[in-house]
Amino acid sequence: SRVCSSSSSSSTSRLVSERIVDLTAIDMEGVRHPVKGLTDHTLLRALMNHRLIDPASHRLDDINACTAECRVMVASEWLGKLPPRSEDEYDTLAAAANKGKVD
């Protein structure tokens, strides 16, 4: 699935209603799926919660990560709004790359 747009609330409050992120996932057939996720959660988790990804097919050893076949596209107007890569994100990508699971 590809993410083509999103909107989120940027607040320091930890209320769930203020952490909701709206995404649009586009499947391989081009069908658009509205997806709600939460800040501090992974895109993988949001897609699994909406049954757009089978969790068993996206489990790499001891980490939850998408395979190298997955692609995420973020609309250019949102790129500057993304937070810096977290240490957890870096570690997950590095672990998968070291195992030859991502390109």
Failed criterion for MET73 (all others in (1) of a type outside the set (S, T, N, Q); (2) open to solvent by less than 80 Å² (accessible area, probe 1.4 Å); (3) modelled with pLDDT under 80 hold): (2)
Selection from the stretch 37-58 of residues that are open to solvent by 50 Å² or more (accessible area, probe 1.4 Å) and more than 18 Å from ILE20 (Cβ to Cβ): ARG51, ASP54, PRO55, ALA56, SER57
Residue in the stretch 11-39 that is modelled with the highest pLDDT, counting only those that are among the hydrophobic types (A, V, I, L, M, F, W, C) and part of a strand (DSSP E or B): VAL35
Conditions (1) under 11 Å from the mean Cα position of the chain (by Cα); (2) modelled with pLDDT under 70; number of the one not met by ARG59: (1)
Of all residues making up the stretch 76-103, the number that are at pLDDT 80 or above, open to solvent by less than 90 Å² (accessible area, probe 1.4 Å) and part of a loop (DSSP other than H, G, I, E, B): 2
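The values are calculated or read from the model by the stated rules, or taken from the named source; none is laboratory data. Here the structure is a predicted model, which is why all the values come from computation and not from measurement. Don't worry about glycine lacking a Cβ; one is built from the backbone with ideal geometry, like all the others, and counts go over all protein chains shown. For the accessible areas, the whole protein counts, side chains as well, though only heavy atoms, and no ligand, DNA or RNA atoms are used. Shrake-Rupley method; radii C 1.70, N 1.55, O 1.52, S 1.80 Å.
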